[in-house]
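K.L.:
Below you will find the structure I want to go over with you.
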Amino acid sequence: MPPNIIRLMSRPKSSVMLVGLLLILLPALAIVQYRWIGEVSAAERDRLESSVRSASDGFASDFAAELSRTAMSFQVREGFPENGGAVLQRYQSWLENASYPRLIRSIGLIRTSPDATPDFYKLDMRSGSLESAPPPPEVANLRDRFRPGPLNFSVPAETMALLVPIFRGGPAFGRPQAEEFGPRSPEDFRPRRPDELRSRGPGGGPGFAVRMEGATLLELDREIVLKEIVPSLVERQFSSNNETGYRVAIAAGANHPQIVYSSQGEWTADDMATPDASVFLFGAPPPPPGEARRGGRTRGPGPFLRGAFQTTVLSQPWEVLVKHRAGSLERAVEQLRRRNLAISFGVLLVLAAGLITVVISSQRARTLGRLQMEFAAGVSHELRTPLAVIRSAAYNLRRGIVQDKEGVEQYATIVQDEARRLSDMVDQVLLYSETQSGRKKYNLATVDVNEVIDRAIANLTPATDIDQCDLTTHIDPDLPPVLADASALVQCVQNLLGNALKYGKTSGKAQIEIATEVDRSSKQVRLSITDHGPGIDAADERHLFDAFYRGVRVGSNIPGNGLGLHLVKRIMQAQNGRVSYAPVSEGGSRFTLHIPVAQ
């Protein structure tokens, strides 16, 4: 935090104003963050939709390109071949460059004529010979498959083949790319004669006629497509979206599609009905008039395979379905929005907590500073009193005011008691400094509790205070020895006895009880010091063991610096013990030392 704000915090009025200002700003900041996160979520939704559509379209394009490369390798433009050698040569050339050499299961040739049924020949892929065979039923309407319009999807589910036309004629024959025929539209392929097709020249110029003489039937291995080609394309197109987690499936069929591939998990009917994105690979049903997209679905290729001139796919319609692993893009964006809200409001809560902590710390710092000032004033006052007595006694002795032996001894006793009092105060301050810094070391050993009590009573000063109290003891004769530092434990008992003498007086006399007992369950000795004075105010109880704290009802004429109970607490904690306080029902206070029993 900047120094100028810290200086403001050190001033009560300034700190209150600053806290109020920040408390007003925090809700405003929360509103701004809420709206900003809403805009970020909307932008993220648009980005995800664009990304998944791009990946789906890329998948469809790559899939079509893979099949198109295969079809282009077998495209014949010089008319129906006289033998199978040319086709076998094309097959061997395709094998040398094919990414999936096991894709083609068999090759067949279909010869068409205007007035007769098609002739079907099956190619021997080893010798190159052509064997006549009955044509498959799905190629019976061969010419219809190369005309615009919806396909008849009465293809067996397990069938997957490419139907590549064999044609002759046209200025573009012999060129390597089918796209050189120029842009095409369904009107370009209306039959001019029963055995002719019409195409349009580049730039929409006059068209040219091509004569179809047959087709090459490439039977594909469906398992290779589903287990090798499709997973490779999924990895290529959707691997960059792993952080968003998409599931990809392929549904085959027109009326009742079935899942034939899934990248992860099962797809329910609801999943298939509500994908985040989809695109038909081939065999797309005709779209409604004027509608290209509906329900997240992208219309893919129709009868013809993109990139290969007039090549069609004999198969059930295949549709790529993409769905987010969270259930939907909307749910994924909502989860992201909730996470961002939680993080942003968590940051605001941390800021608010930090602000409150700074305010509390500044208040405590001011309180501590005030207590330290009062401590310094109290110590100065406490030091001044015995010093004044010592100086006065020394002056009288030096001037010879007191000359008899009894008077000199009395003055010497006064000087000794006041010097001892000074020494005790200095020792307390030094002990507080050592406990705060952690330099104080304790020598834990076996200690007799009775000896500790006797030493503490003997050390009380001034000795005349003992004569002004009724001191009774209830010591268990079977007390076991305790594990403690003897000097430190004497200091604790002495501090508690001193407080009882100072604050436990009624009618000028204090009644003090010292009692001990053994707690077998916790293996501790409890040493209690009870006075029957006015007791401790309820407002002071939570500050009893704070440094420099003195009760609100303590008069300035009672000596003390507010360190006694604090030192008792720190010393007992350092010896694996503790100190507790309890009010006495008849009036007064009871402080108990809990000391571990020596093993």
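Condition check ((1) out of contact with any Leu (no Cβ under 6 Å at 6 or more places or on another chain); (2) open to solvent by less than 80 Å² (accessible area, probe 1.4 Å); (3) of a type in the set (Lys, Arg)) across all residues:
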residue	(1), (2), (3)
Ala332	yes, yes, no
Arg337	yes, yes, yes
Thr367	yes, yes, no
Val389	yes, yes, no
Asp404	yes, no, no
Asp417	yes, yes, no
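K.L.:
Which of the residues belonging to the range 67-108 are closer than 14 Å to Ile166 by Cβ, outside any helix (DSSP H, G or I), open to solvent by 60 Å² or more (accessible area, probe 1.4 Å) and of a type in the set (D, E, K, R)?
P.N.:
Result: Glu78, Glu82.
K.L.:
When only residues in the range 76-88 that are in contact (Cβ under 8 Å) with a residue 24 or more places away in the chain and not hydrophobic (A, V, I, L, M, F, W, C) count, which is farthest from Ser113 (Cα to Cα)?
P.N.:
If we take residues in the range 76-88 being in contact (Cβ under 8 Å) with a residue 24 or more places away in the chain and not hydrophobic (A, V, I, L, M, F, W, C), then Gly85 is farthest from Ser113 (Cα to Cα).
K.L.:
Tell me, please, whether a residue that is open to solvent by 40 Å² or more (accessible area, probe 1.4 Å), closer than 30 Å to Arg370 by Cα, at pLDDT below 85 and in a helix (DSSP H, G or I) can be found in the range 498-518.
P.N.:
yes
K.L.:
Quickly run through the range 348-391 and pick out the residues that are among the polar types (S, T, N, Q) and either closer than 22 Å to Leu25 by Cα or at pLDDT 75 or above (or both).
P.N.:
Scanning the range 348-391 gives Thr357, Ser361, Ser362, Gln363, Thr367.
K.L.:
With the structure loaded, tell me whether Glu138 is modelled with pLDDT under 90, closer than 30 Å to Ala254 by Cα, exposed (fewer than 14 other Cβ atoms within 10 Å of the Cβ) and among the charged types (D, E, K, R) or whether it fails that test.
P.N.:
no
K.L.:
Can you work out which of the residues in the range 48-73 that are among the charged types (D, E, K, R) and in contact with a strand residue (DSSP E or B) (Cβ under 7 Å, 6 or more places away or on another chain) is farthest from Ala277 (Cα to Cα)?
P.N.:
My answer is Asp57.
K.L.:
Is it the case, given these coordinates, that Asp57 is in contact with a Leu (Cβ under 6 Å, 6 or more places away or on another chain), under 25 Å from Ser263 (Cα atoms) and open to solvent by 10 Å² or more (accessible area, probe 1.4 Å)?
P.N.:
No; evaluated as a whole, the condition is false for this residue.
K.L.:
Moving on. State whether the residues of the range 256-276 include one that is among the polar types (S, T, N, Q), over 40 Å from the mean Cα position of the chain (by Cα), at pLDDT below 90 and part of a loop (DSSP other than H, G, I, E, B).
P.N.:
no
K.L.:
Could you give every pair whose Cβ atoms fall below 6 Å, whose first residue belongs to the range 479-507 and is within 19 Å of Ile536 (Cα to Cα), and whose second residue is charged (D, E, K, R) and crowded, with 23+ Cβ neighbours inside 10 Å, counting only separations of at least 6 or pairs across chains?
P.N.:
From the range 479-507, the pairs are Ala500/Asp531; Gly504/Asp531.
K.L.:
Could you count how many residues in the range 110-119 are touching a residue at least 24 places away in the same chain (Cβ under 8 Å) and out of contact with any Ser or Thr (no Cβ under 6 Å at 6 or more places or on another chain)?
P.N.:
Count: 5.
The values are calculated or read from the model by the stated rules, or taken from the named source; none is laboratory data. The structure displayed is predicted, hence computed values, not measured ones. Here the Cβ is made from the backbone with ideal geometry for all residues, glycine too, and neighbour counts use every protein chain on show. For the accessible areas, the whole protein counts, side chains as well, though only heavy atoms, and no ligand, DNA or RNA atoms are used. Shrake-Rupley method; radii C 1.70, N 1.55, O 1.52, S 1.80 Å.
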